[in-house]
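The values are calculated or read from the model by the stated rules, or taken from the named source; none is laboratory data. Since the model is a prediction, treat every value here as computed from it, not as a measurement. Ideal geometry is used to build each Cβ from the backbone, glycine not excepted, and the neighbour counts take in all protein chains shown.
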Amino acid sequence: DTGVSQDPRHKITKRGQNVTFRCDPISEHNRLYWYRQTLGQGPEFLTYFQNEAQLEKSRLLSDRFSAERPKGSFSTLEIQRTEQGDSAMYLCASSTATGPPQPQHFGDGTRLSIL
Amino acid sequence: AQSVTQPDIHITVSEGASLELRCNYSYGATPYLFWYVQSPGQGLQLLLKYFSGDTLVQGIKGFEAEFKRSQSSFNLRKPSVHWSDAAEYFCAVAGNAGKSTFGDGTTLTVKP
């Protein structure tokens, strides 16, 4: 169990640029989740995958956000035309999909700062 | 819709004192409840979980939590706090798809 890894850890970019984050889940986990966390708040659900299928997207996820999980392994989250309000920590988590909801294993996140 | 409320934004306790962090949830069916801890700049680590059965659940690092359906609460406790427990604590409720709704967290400060 090598844990969930996220890359990069930090991203600083100018408003209007596109950014892409990567998440590598625990290898045997077939569910993968993306959350956004701003200062002083808990993580907010963005989207989740079961294997390669994206099963749910939050209304928070505007059309500037897109996520993929090709082949059901790693996932990418892309933000196009970034805005100041996109500054946040983006967390990825993974879990198994057997029985009752399983605890999610979180990566250390990607902190996005928009200049 | 599911929701979680953590009424205490910030709690300060002395090292060695007992701790209780409050969590109230709203969920239409059987709740699946979790407590996570987050240190600065890091992701969340699971402390404990409740699915069913015994309403008092034990977790890692000496933490425990009690599920009270009548009060819609899932409070986290520790009998004696250590300085290393200083962190932010999140309560979460999950639906069948595993998607979790988190509270806004409680920041714990430990005084020497």
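Residues considered: B:F34, B:F67. Of these, the only one that is touching a residue at least 60 places away in the same chain (Cβ under 8 Å), surrounded by 20 or more Cβ atoms within 10 Å (Cβ to Cβ), of a type in the set (F, W, Y) and out of contact with any Cys (no Cβ under 6 Å at 6 or more places or on another chain) is B:F34.
Condition first: more than 10 Å from every other protein chain (Cβ to nearest Cβ) and either surrounded by 21 or more Cβ atoms within 10 Å (Cβ to Cβ) or free of Cβ contacts under 8 Å to residues at least 60 places away in the same chain (or both). Now tell me which residues in region A:25-37 satisfy that.
Matches in region A:25-37: A:P25, A:S27, A:L32, A:W34, A:R36.
Of all the numbered requirements in (1) within 9 Å of chain A (Cβ to nearest Cβ); (2) touching a residue at least 60 places away in the same chain (Cβ under 8 Å); (3) assigned to a strand (DSSP E or B), B:D104 misses one, and that requirement is (3). Within region B:81-101, the set of residues being in a loop (DSSP other than H, G, I, E, B), more than 10 Å from every other protein chain (Cβ to nearest Cβ), touching a residue at least 60 places away in the same chain (Cβ under 8 Å) and not β-branched (V, I, T) comprises B:H82 only.
The residue that is farthest from A:G3 (Cα to Cα), counting only those in region A:65-82 that are modelled with pLDDT of 95 or more and not in a strand (DSSP E or B), is A:R81.
From (1) in contact with a helix residue (DSSP H, G or I) (Cβ under 7 Å, 6 or more places away or on another chain); (2) within 14 Å of chain A (Cβ to nearest Cβ); (3) more than 30 Å from A:S58 (Cβ to Cβ), pick out the condition that doesn't hold for B:K78. Answer for B:K78: the failing condition is (2).
Residue check: A:H10 meets all listed conditions (1) surrounded by fewer than 13 Cβ atoms within 10 Å (Cβ to Cβ); (2) closer than 22 Å to B:S100 by Cβ but one, namely (2).
Looking at B:S39, is it closer than 27 Å to A:G109 by Cα, of a type in the set (S, T, N, Q), surrounded by fewer than 18 Cβ atoms within 10 Å (Cβ to Cβ) and in contact (Cβ under 8 Å) with a residue 24 or more places away in the chain?
yes
Taking region A:65-110 as the search range and keeping residues that are among the basic types (K, R) and surrounded by fewer than 16 Cβ atoms within 10 Å (Cβ to Cβ), which one is nearest to the other protein chains (Cβ to nearest Cβ)? Among those residues, the one meeting the criterion is A:K71. Where strands (runs of 3 or more DSSP E) fall wholly inside region B:1-65, the ranges with 1 or more residues that are of a type in the set (S, T, Y), farther than 17 Å from A:P43 by Cβ and at pLDDT 95 or above are B:10-14.
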